[in-house]
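A short write-up of the structure that comes next.
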Amino acid sequence: MNVIEAENLVKSFGKIKALDGISFKVKKGQVFGFLGPNGAGKTTTVRILTGIIKPDSGKARINGFDVVNETIKAKQSIGVLPEISNAYLDLTAWQNLMLIASLYGMQKDEAEKRAEELLREFGIYERRNTRVRGFSKGMKQRLMLCMALISDPEIVFLDEPTSGLDVQSARMIRGKVLSIAKEKTVFLTSHNMDEVNLLCDEVAIISKGRLVTVDTPERLKSRVGGSIAIEVSFGGKSELRVDEMNVVKYGDKYVIYTTNPYQTICRIVDFAKQNNVEIISINTRTPTLEDAFLKLLEVEK
Amino acid sequence: MKCLAIAKKDILMYYLKGPVVIFGILLPLFLFLAFWIGRNLPLDFLVAGLLAMTVFFASTSVSPVVAPWEGQMRTLERLMACPISVSTIIFGDIIASITFGIGIAIVPLLLGMAFGLSFSFVVLVGIVLAAFCFSCLGLLFSSFPTNMPSTVMMISSLVRFPLIFISGIFIPIQSLPSWGKTISLLSPLTYFTDIARASLGMSSFLPVYLDFLALIAFSGLFLILAIKLHERALLSRL
Ligand SMILES: Nc1ncnc2c1ncn2[C@@H]1O[C@H](COP(=O)(O)OP(=O)(O)OP(=O)(O)O)[C@@H](O)[C@H]1O
Ligand SMILES: [Mg+2]
């Protein structure tokens with residue numbers, strides 16, 4: 001069953017076309033990753049799906065409810081962690097949670113029970129009666145997650161939940177996302193390939209307001225066209241030209257995807273000899289989601 | 001009710017701050033003293049004026065800045081992600097503003113009674129309705145699409161201060177020339193000042209029921225406009 005459906009979403013801000021016809025479906029229970037560079041339209045998509053802004057055209061449904069015409073019903077079954085947003089700094093963690101609970105129409109005792117559970121789980125129960133002003137960034141983000149989960153929503157939208165956090169906090173949040181994913185559908189946007197690789201069942205890659213592809217992380221990785229990635233960099237300026245090879249350039253580095261690393265390395269060395277350039281470094285690794293991502297964006301251009 | 005939760009949040013976040021409360025009482029008091037000193041006006045006339053001004057300033061003091069402030073502090077998106085509409089937020093803001101307006105109005109009421117004046121109960125209905133009307137006006141100011149509270153404060157001051165002078169607070173409307181009378185009808189404050197005067201037994205400029213009708217009409221107009229404009233302003237606040 002599809003719990004999130006987007007059909008041909010278009011949204012412009014003045015001359016900027018933030019979304020240029022985006023369609024996808026998310027099945028119940030999935031963790032759906034939305035991956036794209038800055039300004040690709042991830043947040044705009046989340047805002048449309050969560051009923052905060054209206055698309056110029058196209059349709060989106062949450063649990064079958066149209067986000068434009070049945071906004072309140074659509075919002076009732078979702079929890080949202082917006083990309084850049086804050087809890088009320090002069091309210092306590094507890095007051096913040098109670099506010100959101102009331103806005104979901106929850107009963108007081110139900111809300112209190114759920115709030116206590118969440119605060120304990122996220123390790124901020126002891127600080128529930130202090131003002132959020134005094135919280136660290138990581139604690140604030142944990143509270144924002146609690147606020148997204150207070151209504152026990154079926155679907156959770158997380159817009160870059162770990163951006164700007166230190167390694168430890170980010171790791172904790174990822175752990176929580178995995179446990180949320182056991183019982184809920186999660187829509188997650190991210191820049192972080194490892195995060196998406198770790199958490200998501202399916203990944204959509206978006207660039208300049210268009211979907212490049214939707215696939216599982218594993219299949220995306222295999223789509224780079226080789227089982228081994230060879231990274232090589234040369235001294236001085238030189239253009240690596242080797243026929244029939246799958247070469248992508250990143251900065252001063254070339255990455256070649258291949259199924260036959262021995263042969264490929266020989267050809268690279270030949271190239272270096274013929275052109276009289278020095279090889280500064282060369283190493284092999286398995287392709288990552290990042291490779292897939294960059295390659296797909298390259299093809300898109 | 002969801003708008004009550006919004007109102008509670010507003011009161012905790014924005015109204016129950018020492019400076020806000022003190023300023024809410026002091027500003028009208030100072031304005032009032034500035035006009036009182038050196039002029040020989042009857043006490044009941046003055047207290048009615050003070051009451052009108054206090055309710056007016058209190059109900060339009062904080063209400064205009066809540067929306068831009070929430071945009072700037074990035075709490076607005078958190079609110080809008082909840083299953084509520086823009087009008088829920090507006091009603092919540094209005095309820096908080098009315099509560100504050102009524103709370104502050106107690107000060108001039110008690111002051112008047114301390115001077116031995118007695119109000120008819122009409123004044124209570126008047127205060128509630130006026131606080132509602134002025135709060136709607138405050139929300140109309142806050143619909144200006146900006147996240148800069150100072151910009152909204154400037155706009156609201158540009159409107160609020162002139163209104164004080166055309167609403168019969170310092171000069172009875174009856175003694176204005178006919179063009180002055182016509183202009184005064186444009187200010188919602190005129191009608192509440194009139195109600196306050198009538199409730200102290202003074203002759204009113206208009207029949208009191210007309211004052212009430214005018215306040216209701218202004219409230220409706222401000223409210224509808226505020227909701228329309230806030231919905232439009234939302235995008236530029238995110
Ligand atoms: N409220 C707005 N007003 C004007 N332009 C906007 C607005 N919101 C987004 N945009 C533009 O739309 C495009 C897509 O923005 P969006 O925030 O959706 O990207 P994103 O993928 O979330 O990027 P990031 O990774 O930086 O968060 C950008 O070019 C952005 O400048
Ligand atoms: Mg974003």
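Here's how it looks for A:V156: its modeled amide H is under 5 Å from those of A:G79, A:T185, A:V186, A:F187, which are all 5 or more places away or on a different chain. Under the simplified labelling scheme, the B:E231-A:D252 pair shows an inter-label distance of 5.8 nm, with each label point 7 Å from Cα along Cα→Cβ. For a bin width of 5 Å, list the pair-distance distribution of chain B built from all Cα-Cα distances, rounded to whole %. Cα pair-distance distribution for chain B, in percent: 1, 7, 14, 19, 20, 15, 11, 7, 4, 2, 0, 0. For the range A:134-282, the relative contact order works out to 16 percent when only alpha carbon pairs closer than 8 Å and six or more residues apart are counted. In order along the range B:84-89, the phi-based Karplus estimate (6.51 cos²θ - 1.76 cosθ + 1.60, θ = phi - 60°) of 3J(HN,Hα) comes to 9, 10, 4, 5, 4, 5 Hz; Gly and Pro are listed as x. Between 0 and 90 degrees, the angle of helix B:208-237 with respect to the longest Cα principal axis of chain B falls at about 20 degrees. As a length-normalised measure over Cα pairs under 8 Å and 6 or more apart, the relative contact order of chain B settles at 28 percent. Taking θ as phi - 60° and the Karplus parameters 6.51, -1.76 and 1.60, the scalar couplings of the range B:17-24 work out to 10, x, x, 4, 5, 5, 5, x Hz in sequence order, x denoting glycine and proline. What the Cβ-Cβ distance of B:L33 and A:H191 gives, at R0 = 60 Å and to the nearest 0.05, is a FRET efficiency of 0.50. Where nothing but the Cβ of Lys and Arg (+1) and of Asp and Glu (-1) is charged, how large is the charge dipole of chain A around its Cα centre, in debye to the nearest 20? In total the dipole reaches around 480 debye. Panel note: contact residues of the range B:79-98 (accessible area lowered by at least 20 Å² against the chain on its own; 1.4 Å probe) correspond to B:L79, B:M80, B:A81, B:C82, B:P83, B:I84.
In this simple spin-label model, placing a label point 7 Å from the Cα along the Cα-to-Cβ direction at both A:D166 and A:S238 gives a separation of 4.4 nm.
Among B:115-128, B:162-175, how do they line up from the highest to the lowest mean number of other beta-carbon atoms within 10 Å?
With the highest mean Cβ count within 10 Å placed first, the list reads B:162-175, B:115-128.
Using only alpha carbons, the protein assembly as shown has a radius of gyration to Kirkwood radius ratio (Rg to Rh) of 1.14.
Of all the options B:S187, B:S178, B:S63, the one that moves most in a Gaussian network model of chain B with Cα springs shorter than 10 angstrom is B:S178. Using the 1.4 Å probe convention, the accessible area of the range A:72-175 works out to 43 Å² per residue with neighbouring protein chains retained.
What is the average number of partner chain Cβ atoms found within 10 Å of a Cβ in B:46-54? Display every interim value, and only then the final one.
On the way: counts 0, 0, 0, 0, 0, 0, 0, 0, 0.
Averaged over the peptide's residues, the number is 0.
Between B:L213 and A:S12, the modelled labels are 4.9 nm apart [label points 7 Å from Cα along Cα→Cβ]. Normalised by 2.2 N^0.38 Å, with N the number of residues, the alpha-carbon radius of gyration of the range B:152-238 equals 1.30. Only one residue of B:S187, B:M13, B:I37 has its Cα farthest out toward the positive end of the dipole of the protein assembly as shown, where Lys and Arg carry +1 and Asp and Glu -1 on Cβ, and that residue is B:I37.
Across the range A:16-25, coupling constants 3J(HN,Hα) worked out from phi with the 6.51/-1.76/1.60 Karplus curve, θ = phi - 60°, read 7, 8, 6, 10, 10, x, 10, 10, 6, 9 Hz, and Gly and Pro carry x. Between the helical axis of B:149-165 and the longest alpha-carbon principal axis of chain B there is an angle of about 20 degrees.
Return a whole-number percent for the relative contact order of chain A, with Cα pairs under 8 Å and 6 or more residues apart as the contact set. Could the numbers behind the result be given before it?
On the way: 549 pairs, mean separation 58.7, N = 301.
With pairs under 8 Å counted, the relative contact order is 19 percent.
Residues whose amide H comes within less than 5 Å of that of A:S227, counting only those at least five positions distant or on another chain, are A:T258, A:T259 (H built at 1.01 Å from N in the peptide plane).
Computed over protein heavy atoms with a 1.4 Å probe, the carbon and sulfur contribution to the accessible area of the protein assembly as shown reaches 59%.
Surface exposure of the range B:72-180, expressed per residue as accessible area with a 1.4 Å probe, stands at 39 Å².
Given the alpha-carbon gyration tensor of the range B:111-208, what are the semi-axes of its equivalent ellipsoid in whole angstrom, ordered largest first, with each equal to the square root of 5 times an eigenvalue?
With the √(5λ) rule applied to the range B:111-208, the semi-axes are 27, 18, 11 Å.
If R0 is 22 Å, what FRET efficiency do you get for B:L110 and B:M202 from their C-beta distance, rounded to 0.05? Don't jump to the answer; show the numbers that get you there.
Details: r = 20 Å, r/R0 = 0.89.
Approximately 0.65, to the nearest 0.05.
Rolling a 1.4 Å sphere over the protein heavy atoms, what is the accessible area per residue of the range B:1-61, to the nearest Å²? Kindly include the intermediate steps, with their values, before the conclusion.
Values: 2780 Å² over 61 residues.
That works out to 46 Å² per residue.
The mean count of C-beta atoms from other chains within 10 Å of the C-beta of residues in B:114-123, rounded to a whole number, is 0. Dipole size of the protein assembly as shown about its Cα centre, with +1 on Lys/Arg Cβ and -1 on Asp/Glu Cβ: approximately 340 debye, rounded to the nearest 20.
Could you state how much accessible area is buried at the B-A interface, both sides summed, with a 1.4 Å probe, in Å² to the nearest 100? Don't skip to the end; give the middle numbers.
Details: alone 11130 and 15390 Å², together 24030 Å².
So the total buried area for this chain pair works out to about 2500 Å².
The values are calculated or read from the model by the stated rules, or taken from the named source; none is laboratory data. As the structure is a prediction and not an experimental result, all values here were calculated from the model. Methodologically, a virtual Cβ is constructed for each residue, glycine included, from the backbone with ideal geometry; neighbour enumeration extends over all protein chains shown. For the accessible areas, the whole protein counts, side chains as well, though only heavy atoms, and no ligand, DNA or RNA atoms are used. Shrake-Rupley method; radii C 1.70, N 1.55, O 1.52, S 1.80 Å.
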